[in-house]
Amino acid sequence: MESVISDSVLLAFEILLLSCFYLQFGTALDTVTPSESIKDPEFLISQGGVFRLGFFSFANSTNRYVGILYNQIPVQTVVWVANRNKPPKDSSGILNISDDGNLVVLNGKAEILWSSNITNLVPNATTAHLLDSGNLVLSNGEDGASSLWKSFKDASNAFIETMKIGTDVQRGLKVELKSWKSIDDPSDGSFSFGFEPFNIPELVIRNNNKLYFRSGPWNGNIFIATIMKTVYIDGFHVVADNQRQVYYITHEYSRLKYYELDSQGKLVERTWDAGKGDWINMYFTSQTESCVYGQCGAFGMCDLTKQPICSCLKGFKPRNIEEWSRGNWSSGCFRTTPLQCQRDKNNGSEAGQGDVDGFLKLNMMKVPAFPDLSSINNGECKDQCLKNCSCVAYAYDAGIGCMFWSGDLIDMQKFSTRGVDLYIRLPSSELVIVITAAIVGIVTITIIILFLWCWMAKRRGRKQKHKQIELQLNKGNAMTKFSSNVGENSIGAKLQQLRLFNFEELATATCNFDHANKLGQGGFGPVYRGTLGDEKEIAVKRLSKASVQGLEEFMNEVEVISKLQHRNLVKLLGCCVEAEEKMLVYEYMPNKSLDAFVFDPIKQKVLDWRKRFNIIKGIS
């Protein structure tokens, strides 16, 4: 009870002191009038006590600034600075209404350090009013009926509740955030954040007036390349009035959350955590989420999950190999094969049957900068692009419609969870290469997965029977017992179709495994060419005694290959298991394997694309 009374008495005492303070320095707690000035270290407080306006300094600095700060936050938090580039070094500064009606900051010598800089004002008729929204408003008279200037229109680095960041093209008005030079130096930094109408409105960050980050186009619900899943859920509201050319973004968060453009060009969400007694930061734009604008140059794609992060699109190559090898990708990429429509145009002819351009689909992409907009249906985007030879890419978003690009494609990024499908125009020859590579990759992966699945599924079931076979082989009479057991185990149906050779028969066929008949060396032993008594040519794979491949692995190979009988694959004719000898007998390939043609610089010319396609189709 005594504690409660003590707190109440202390609070009443503080209110009394504040009342005395404001009675001494002015009649209004939140207003600057022509007759009342704010002298360092005085300050105003908004009616609800949310914000204060006055002089302050940063730690380890004697510079004095006039600014707006959160009043109820124990950590000094500045959301707007007037004289950010001209701070006095002492406490002689004054904030008042000048003779011409402007709000100004003066030093001890009465020199103007900052001004609201409004023309044609009525002298001695203006007042400045600090609102609970954090907005400082200069208006005619104390009632504020006519607003002449607002701090929200002359933003610093903070985006607080009910502010509007945007542009009015027709009226030539623009409001953007401007970064500080450092965390304790509010002078003009390198970065700015604002709304750019372009052909489709986007949020952008500029570095020294050059594009640094794009949010992607606004589709009526989200910016299609930001981490915000939907701006309405996050408290944002966007107005994009194309007819009046007015575009702006605002938010309606609680008073303990705001956004800041920091000195590194990152847009930071700052939320007050009373438990920790500090601001919690979350980056909306950062180098871990977004690539720098144009980082990969023309026709280059950025992917932060890969190293290096930049790569050329399919059908394009680096314009400067040396620069790319050093990690400088700004020179971009060039098209290796001209578009068919360009070749036809240069030759003055029409495209032939099949000699047309197509499109390569890239999933979950940040679309390039500066698209042209069309309201046609999704199904017509492709045809519309093909009709225009200068069209090099298109994309579709339900909220935007068809987007088309001509010229260089700049600022593309590959995402893992968002983005839209982007279609890149390529000549048919390049598309065949891409499709062929994809088919080969898919087939290879499918075969590997099939082998692994078969091996894992049957390994346990075969293990015990393989042990039994091994015990029988070790007792002698291996060939006979192996032959009898083959018919009883789980793979007997397949193995019974194979011929079981004896060692003497294969030794005779290969001239006692003469080195002159050696075709090559495999992973587990040499391979020899041989001829059976019926003049049939064979290839004998002889497992080396030093090989780590045991009977189980040998049986796996026998089982798998025996099941893969196909005209496009080498045929397994039989096997030999005798004493310590384990051999596989294949049909002999006089023209060697396919890889001898694919990778030979001379022989590969024999395989034109039609033959290659038929081979790929057959393997598939």
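Within region 119-135, the residues that satisfy the criterion of being under 24 Å from Ile45 (Cα atoms) and not polar (S, T, N, Q) are Ala125, Ala128, His129, Leu130, Leu131, Asp132, Gly134. Suppose we keep only residues that are small (Gly, Ala, Ser) and touching a Leu at 6+ places or on another chain (Cβ under 8 Å) within region 64-99. Which one would you say is surrounded by the most Cβ atoms within 10 Å (Cβ to Cβ)? Result: Ala82. Considering region 36-51, the residues that are in contact with an Asp or Glu (Cβ under 9 Å, 6 or more places away or on another chain) and assigned to a strand (DSSP E or B) include one that is nearest to Val78 (Cα to Cα), namely Phe51.
The residues on offer are Val137, Val175, and the sole one that is aliphatic (A, V, I, L, M), outside the structural domain of Ile38 (by TED's automatic domain parsing) and closer than 22 Å to Tyr65 by Cβ is Val175. Mind checking whether some residue in region 545-555 is aromatic (Phe, Trp, Tyr) and either surrounded by fewer than 18 Cβ atoms within 10 Å (Cβ to Cβ) or farther than 22 Å from Gly520 by Cα (or both)? No, every residue in region 545-555 fails to be aromatic (Phe, Trp, Tyr) and either surrounded by fewer than 18 Cβ atoms within 10 Å (Cβ to Cβ) or farther than 22 Å from Gly520 by Cα (or both). Checking each residue in region 371-384 for being touching a residue at least 40 places away in the same chain (Cβ under 8 Å) and either in contact with a Lys or Arg (Cβ under 7 Å, 6 or more places away or on another chain) or more than 21 Å from Gly315 (Cβ to Cβ) (or both) picks out Asp372, Leu373. Elements of the type strands (runs of 3 or more DSSP E) sitting completely within region 202-267 and holding at least 3 residues that are surrounded by 19 or more Cβ atoms within 10 Å (Cβ to Cβ), under 21 Å from the mean Cα position of the chain (by Cα) and modelled with pLDDT of 90 or more: these cover 202-207, 210-214.
Of the residues making up region 57-77, those that are within 41 Å of the chain's Cα centre (by Cα) and of a type outside the set (S, T, N, Q) are Phe58, Ala59, Tyr65, Val66, Gly67, Ile68, Leu69, Tyr70, Ile73, Pro74, Val75. Look through region 400-434, keep the residues that are among the β-branched types (Val, Ile, Thr), part of a helix (DSSP H, G or I) and under 19 Å from Ser311 (Cα atoms), and return whichever of them is modelled with the highest pLDDT. Result: Ile433. Just so you know, in region 353-378 the residues that are in contact with a strand residue (DSSP E or B) (Cβ under 9 Å, 6 or more places away or on another chain), of a type outside the set (A, V, I, L, M, F, W, C) and farther than 24 Å from Gly332 by Cα include one that is surrounded by the fewest Cβ atoms within 10 Å (Cβ to Cβ), and it is Ser375. For region 340-382, a tally of residues being modelled with pLDDT of 90 or more and part of a loop (DSSP other than H, G, I, E, B) returns 5.
The values are calculated or read from the model by the stated rules, or taken from the named source; none is laboratory data. All values derive from a computational prediction rather than experimental measurement. For neighbour counting, all protein chains shown are included, and Cβ atoms are generated from backbone atoms with ideal geometry for every residue, glycine included.
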